[in-house]
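J.: Before we start, here is the structure in question, set down as structure tokens.
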Amino acid sequence: MLCSEPWSEGCGSIAHTPLLDPSPSVSESSRYQPQAIETGWQRAWQENGLHDTPELKPGDDAFYALSMFPYPSGNLHMGHVRNYVITDVVARVQRLRGKKVLHPMGWDAFGLPAENAAIERGVDPGAWTDQNIASMREQLNQLGLSIDWEREVATCHADYYRWTQWLFLHFLDSGLAYQKDATVNWDPIDQTVLANEQVDSEGRSWRSGALVEKRKLRQWFLKITDYAQQLLDDLSQLDGWPERVRTMQANWIGRSTGAELQFTVVDAAGHDTAERITVFTTRPDTIFGASYVVLAPEHPLVAELTTAEQEIAVEAFCDLVSRQSEQERTAEDKPKRGVPIGAQVRNPANDELIPIWIADYVLAEYGTGAVMGVPAHDQRDFLFARQYELPVQQVIIPEGSDEHAFEGGAWTEGGVLIHSGRFDGLPNGDAKQAITSAAAAEGWGQEKVQFRLRDWLISRQRYWGCPIPVIHCDSCGVVPVPADQLPVELPQGANLAGKGGSPLAQLENWVNVSCPCCGQPAKRETDTMDTFMCSSWYYLRYSDATNTTRPFSEDAVNSWLPVDQYVGGIEHAILHLLYSRFFTKVLRDRGLLGFDEPFQRLLTQGMVQGITYKNPHTGKYIAPADVADPTDPRDPASGEVLETFYEKMSKSKYNGVDPAVVIDKYGADTARMFILFKAPPEKDLEWDDADVEGQFRFLQRIWRLVDGACERGLSLAAGAGGPEAVVQALAAGSLNPAEQELRRAVHTAITEISDDLDGDYQFNTAVSELMKLSNAMGTHLENCGEVFACEALRTLLILLAPFAPHLAEELWLKLSGRNAGDALASSSIHAQRWPAADASALVRDTVTLVIQIKGKVRGNLEVPADADKATLEKLALESDIAAKWLEGKTPSRVIVVPGKLVNLVP
RNA sequence: GGGAGCAUGGCGGAAUUGGUAGACGCAGCGGACUUAAAAUCCGCAGACGGCAACGUUGUGGGGGUUCAAGUCCCCCUGCUCCCA
């Protein structure tokens, strides 16, 4: 494709805008004005299709660079900028290296903000979302991201969620989607249920922050527990993931090995009944110390086994517990409460009769909903037993110690068994195995692997989400909507008051349908899906985003995926990343794709923090603009000294920096360079205006450097400074000292930057290498001949191109001698090849040899680079340094590290 | 309580396999240019002592391994995150 209309006038295309350049003294040369070049290049790249995804042919080297797609809130913040700039640099580097790159973008567009906006302002959530998408796309484009917008997806558009529904039906068909009555997390503010992953460690909703309540409701679940073992095992494949994230997922899945043991319920006379209570324990070795059994208040046997005398107390207790959150029930600092239900069980290990209790700290959803209470060896049981005066029986003691030594608390460490009949004297590790085996042989237990992970609750009682495509029929039950009737579109006109139940349920015309099976009147499902369902497969859709017959073709998905580099926030370490891994495995098992893991490498970028001022007395945050003197920050109202620190940018702390303002002032290239340079990508980044200024100065220096080269008449036309020209010049004659220095700087930069962009991404040091190269060019360029000067210029610009794409492109044009109207597809700097380092340019004749005396550095010598060990030792011993510090003594030991140092040990 | 990670100048951060600690930048200081300022250019800069040459010391604290430790091992302290 040709650039139809030259938008720039070539070298010196920048108009001398008097407003921005009041100084007449520089009128001879142009100035770096990013505002004047960036939008033009963005449009030119777009029109020339520079970021279109190339078609993949067999054997092609493909690279998939992906950012976590944003929720279209309408406002781009610095966290987004950091995320997308990092991914963009990765994508651009891979293109320069000759890879075929897929770098897409889309919108995680269902969810509550749109619905809340609709409630508050009476707007249509779809229209509101589309408007936000348009404005955010515009903001993203100002960053100069090399995104292929042809593959854009929005999860709230029917051409996308149609396939979310289609995939849901696959889950349903394979028995992995089901409905059940369950005690679930209820968010009283957002009026909907939440998945366990969406409740934080304080028992609050990840979105609204409300304290989550428990409710018993009929809900849809996905059987992620079926994949618990695989999700855990395959973490070991993910060596391109941060260790941290892998540990977090492993903890979340929470595999523990233990045993299920059965306690027989006895009647009032002490005779065995047919009823048994199965407990799960990770400590079968302590069964002889069990002094009671506890059921969750919700356990089905509670009603059946409670005796008449205890009925009132038990009912009252269950009522009390039902109003508590899971957090309140299990928090370690809360007292544990319980009541006996009157019945007893027989301990299968020693035939003792022990009472059955119910207690708040036992949860129906975990394990079997029943545990054995062993006060001597579990701290929670110990506190419970002490409170209710239940017996405490030591059954494990450290070898050689006294059984009464630990009566102040539970002994939870290892030891040997006592009071355990035939198992006495066994180390407790062995006893776990022995007791479990005995239980299995005698029919009262078995080994059991337990996961902490629970099934994923995916239904939501909200409007703005993907409708669950099933129909409830009185005679046929749950009937999937036939695939050819998808999508089940979200109906218009729902009342989104945000109170009580699914808004869709009120739309009778929509709800009432005939059963696809029997034709009788039936009702649609009125819950919508958790938005995490929509985001669990979007990365697959990008491979084939416009397919109208399938979510993606097998061919496309298998040739582009898995994602080579995924970039996003650590906050998704569990939620999105776990769900996506689960989806991938299910779809693999359904034959829809051919890989086990969706994301090969993961980079979790740190937060962007803003400078924050807080009055320590009033607790109020003060806007930086209101602080008169940043070196002595004071409250403008009271004059009190303020606390200064860096914290994640947020409106309420007045510490945010708007990307648009920064781009207006300095341009996107400066913003990109700053963000990449200021901190390593995975660390938090402190936004600092002075550093941004410094970054802008660096880009200006590069501009002036190239400008000077232009004035000198240097041009990169016809391959000047390219590899062939360099080879010829090297063959033709020797280099002057400046040329040698310059070439060393150029090829050091290539080596170091290539290294920094390989494997572990170290953009910060890559940028500093660019600065070193530009510094060296400032020193040496004028003393260098044309060929080597051009080699340096060419290299600098290509190395700079992924970081500051607009500036590099503009300067490339300035030096190219070509017309701005030439086809960009091949002439753009972004269509060039990453330079190769010439090792011979790094070779030195002499090196600096460090002389150490007894391990301390005492000086250095210039020595021939090829000197052997014996020569180095001789030179060191003969040196003034040795003479001064050895005082005539002969060293007893000499360590020589060629090229580095000689250590003389007297 | 269990697990993971981190700790380097005034600040952000660099430092192959252990081999000159502090690259690069910000802030600072000195100088040049300017009537002046801004911008730009050149230079200085861990701390302590010294006019200087130079010396001592120095990567949270303590110990160890080694010719040599920011880097490896052990203990401690502090911070961050995850799980309880």
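J.: Hey, can you tell me all the residues within the range A:863-897 that are assigned to a helix (DSSP H, G or I) and touching a Lys or Arg at 6+ places or on another chain (Cβ under 8 Å)? Please lay out each step first, then the result.
T.: Going through the range A:863-897, the residues assigned to a helix (DSSP H, G or I) turn out to be A:869-878, A:880-886.
A:I881, A:K884, A:W885 - these are the residues of the range A:863-897 that are assigned to a helix (DSSP H, G or I) and touching a Lys or Arg at 6+ places or on another chain (Cβ under 8 Å).
J.: With respect to A:T871, is the statement that it is more than 11 Å from RNA strand B (Cβ to nearest atom), surrounded by fewer than 13 Cβ atoms within 10 Å (Cβ to Cβ) and over 19 Å from A:R794 (Cα atoms) true? Break it down stepwise before answering.
T.: On the way: more than 11 Å from RNA strand B (Cβ to nearest atom): yes; surrounded by fewer than 13 Cβ atoms within 10 Å (Cβ to Cβ): no; over 19 Å from A:R794 (Cα atoms): yes.
For A:T871, the condition - more than 11 Å from RNA strand B (Cβ to nearest atom), surrounded by fewer than 13 Cβ atoms within 10 Å (Cβ to Cβ) and over 19 Å from A:R794 (Cα atoms) - is not met.
J.: Shifting gears a bit: Here is a list: A:W220, A:W241. Which entry is away from RNA strand B (no atom under 16 Å from the Cβ) and open to solvent by less than 40 Å² (accessible area, probe 1.4 Å)? Quick ask: steps written out before the conclusion?
T.: Working: A:W241 fails: away from RNA strand B (no atom under 16 Å from the Cβ).
When all the criteria are applied, what remains is A:W220.
J.: I need a count of the residues in the range A:876-906 that are more than 9 Å from RNA strand B (Cβ to nearest atom) and open to solvent by 60 Å² or more (accessible area, probe 1.4 Å).
T.: The qualifying residues number 11.
J.: Working carefully through the options A:V279, A:V266, A:V245, find the one that is aliphatic (A, V, I, L, M) and within 24 Å of A:T412 (Cβ to Cβ). Can you show your working first?
T.: Working: A:V266 fails: within 24 Å of A:T412 (Cβ to Cβ); A:V245 fails: within 24 Å of A:T412 (Cβ to Cβ).
Checking each option against the conditions leaves just A:V279.
J.: Read through the list (1) in contact with a helix residue (DSSP H, G or I) (Cβ under 9 Å, 6 or more places away or on another chain); (2) small (G, A, S); (3) away from RNA strand B (no atom under 13 Å from the Cβ), then give the number of the only condition that A:G859 fails.
T.: (3)
J.: Sticking with this one: Which number in (1) crowded, with 22+ Cβ neighbours inside 10 Å; (2) within 14 Å of RNA strand B (Cβ to nearest atom) marks the one condition that A:L742 misses?
T.: (2)
J.: Here's something else I'd like to know. Given the residues A:T549, A:T644, which is the only one that is β-branched (V, I, T) and outside any strand (DSSP E or B)? Walk me through how you get there before you give the answer.
T.: On the way: A:T644 fails: outside any strand (DSSP E or B).
Criteria check complete, one pass: A:T549.
J.: Here is a follow-up. From the list A:D285, A:D233, A:D272, which residue is without any contact (Cβ under 8 Å) to a residue 12 or more places away in the chain and at negative phi?
T.: Working: A:D285 fails: without any contact (Cβ under 8 Å) to a residue 12 or more places away in the chain; A:D272 fails: without any contact (Cβ under 8 Å) to a residue 12 or more places away in the chain.
It is A:D233.
J.: Ok, one more. Can you give me the number of residues within the range A:748-789 that are more than 10 Å from RNA strand B (Cβ to nearest atom), farther than 30 Å from A:N83 by Cα and not charged (D, E, K, R)?
T.: The total comes to 9.
J.: Test A:Y178 against the stated conditions and say whether it is in contact (Cβ under 8 Å) with a residue 24 or more places away in the chain, touching a Cys at 6+ places or on another chain (Cβ under 6 Å) and farther than 30 Å from A:I829 by Cβ.
T.: Values: in contact (Cβ under 8 Å) with a residue 24 or more places away in the chain: yes; touching a Cys at 6+ places or on another chain (Cβ under 6 Å): no; farther than 30 Å from A:I829 by Cβ: yes.
When the stated conditions are applied, A:Y178 does not pass them.
J.: Which ones in the range A:680-699 are in contact (Cβ under 8 Å) with a residue 60 or more places away in the chain, outside any loop (DSSP other than H, G, I, E, B) and near RNA strand B (Cβ under 6 Å from one of its atoms)? Write out each step before concluding.
T.: Filtering the range A:680-699 for residues in contact (Cβ under 8 Å) with a residue 60 or more places away in the chain gives A:680-688, A:698-699.
Cutting the leftovers down to outside any loop (DSSP other than H, G, I, E, B) gives us A:685-686, A:698-699.
The answer is A:E686, and nothing else.
J.: Right, next: Can you name the condition, by its number, that A:Y613 falls short on among (1) within 30 Å of A:P562 (Cβ to Cβ); (2) part of a strand (DSSP E or B); (3) more than 15 Å from RNA strand B (Cβ to nearest atom)?
T.: Failing condition for A:Y613: (1).
J.: Scanning for something at pLDDT 80 or above, open to solvent by 60 Å² or more (accessible area, probe 1.4 Å) and more than 16 Å from RNA strand B (Cβ to nearest atom), does the range A:804-825 turn up at least one residue?
T.: So far as the range A:804-825 goes, no, none of its residues is at pLDDT 80 or above, open to solvent by 60 Å² or more (accessible area, probe 1.4 Å) and more than 16 Å from RNA strand B (Cβ to nearest atom).
Table: residues versus (1) open to solvent by 20 Å² or more (accessible area, probe 1.4 Å); (2) within 30 Å of A:A158 (Cβ to Cβ); (3) not charged (D, E, K, R).
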| position | (1), (2), (3) |
| --- | --- |
| A:Q35 | yes, no, yes |
| A:P54 | yes, yes, yes |
| A:D60 | yes, no, no |
| A:H77 | yes, yes, yes |
| A:R95 | yes, no, no |
| A:P113 | yes, yes, yes |
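Residue-by-condition table, conditions (1) open to solvent by less than 60 Å² (accessible area, probe 1.4 Å); (2) in contact (Cβ under 8 Å) with a residue 60 or more places away in the chain:
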site: A:F599; (1), (2): yes, yes
site: A:A628; (1), (2): no, no
site: A:K651; (1), (2): no, no
site: A:V662; (1), (2): yes, no
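J.: Any idea which residue in the range A:440-470 is surrounded by the fewest Cβ atoms within 10 Å (Cβ to Cβ), counting only those that are within 27 Å of the chain's Cα centre (by Cα) and among the aromatic types (F, W, Y)?
T.: Only one residue fits best here, namely A:F451.
J.: Quick check on A:L730: is it at pLDDT below 90, in contact with a Lys or Arg (Cβ under 6 Å, 6 or more places away or on another chain), more than 13 Å from RNA strand B (Cβ to nearest atom) and on the phi < 0 side of the Ramachandran plot? Talk me through it step by step, then tell me what you get.
T.: Working: at pLDDT below 90: yes; in contact with a Lys or Arg (Cβ under 6 Å, 6 or more places away or on another chain): no; more than 13 Å from RNA strand B (Cβ to nearest atom): yes; on the phi < 0 side of the Ramachandran plot: yes.
Here the answer is no, as A:L730 does not meet what is asked.
J.: Would you be able to tell me the number of residues in the range A:839-862 that are in a loop (DSSP other than H, G, I, E, B) and open to solvent by less than 40 Å² (accessible area, probe 1.4 Å)?
T.: So the first thing to find is which residues in the range A:839-862 are in a loop (DSSP other than H, G, I, E, B), and the list is A:843-845, A:854-855.
Narrowing further to those that are open to solvent by less than 40 Å² (accessible area, probe 1.4 Å): none.
Count: 0.
J.: Additional query: Residue check, A:P300 against (1) touching a Ser or Thr at 6+ places or on another chain (Cβ under 8 Å); (2) at pLDDT below 90; (3) not aliphatic (A, V, I, L, M), all met but one. Which one?
T.: If we test A:P300 against (1) touching a Ser or Thr at 6+ places or on another chain (Cβ under 8 Å); (2) at pLDDT below 90; (3) not aliphatic (A, V, I, L, M), just (1) comes out false.
J.: Going residue by residue through the range A:686-706, is there one that turns out to be crowded, with 19+ Cβ neighbours inside 10 Å, on the phi < 0 side of the Ramachandran plot and polar (S, T, N, Q)?
T.: Looking through the range A:686-706, at least one residue is crowded, with 19+ Cβ neighbours inside 10 Å, on the phi < 0 side of the Ramachandran plot and polar (S, T, N, Q).
J.: So which residues in the range A:600-618 are more than 32 Å from the chain's Cα centre (by Cα) and not β-branched (V, I, T), if there are any at all? So that I can check it myself, show each step before the final result.
T.: Initially, the range A:600-618 is screened for residues more than 32 Å from the chain's Cα centre (by Cα), giving A:615-618.
Matches in the range A:600-618: A:N615, A:P616, A:H617.
The values are calculated or read from the model by the stated rules, or taken from the named source; none is laboratory data. Please read all numbers here as calculations on a predicted model, not as lab measurements. We place every Cβ from the backbone using ideal geometry, glycine too, and count neighbours over all the protein chains shown. All accessible areas refer to the heavy atoms of the entire protein, side chains included, with ligands and DNA or RNA removed. Shrake-Rupley method; radii C 1.70, N 1.55, O 1.52, S 1.80 Å.
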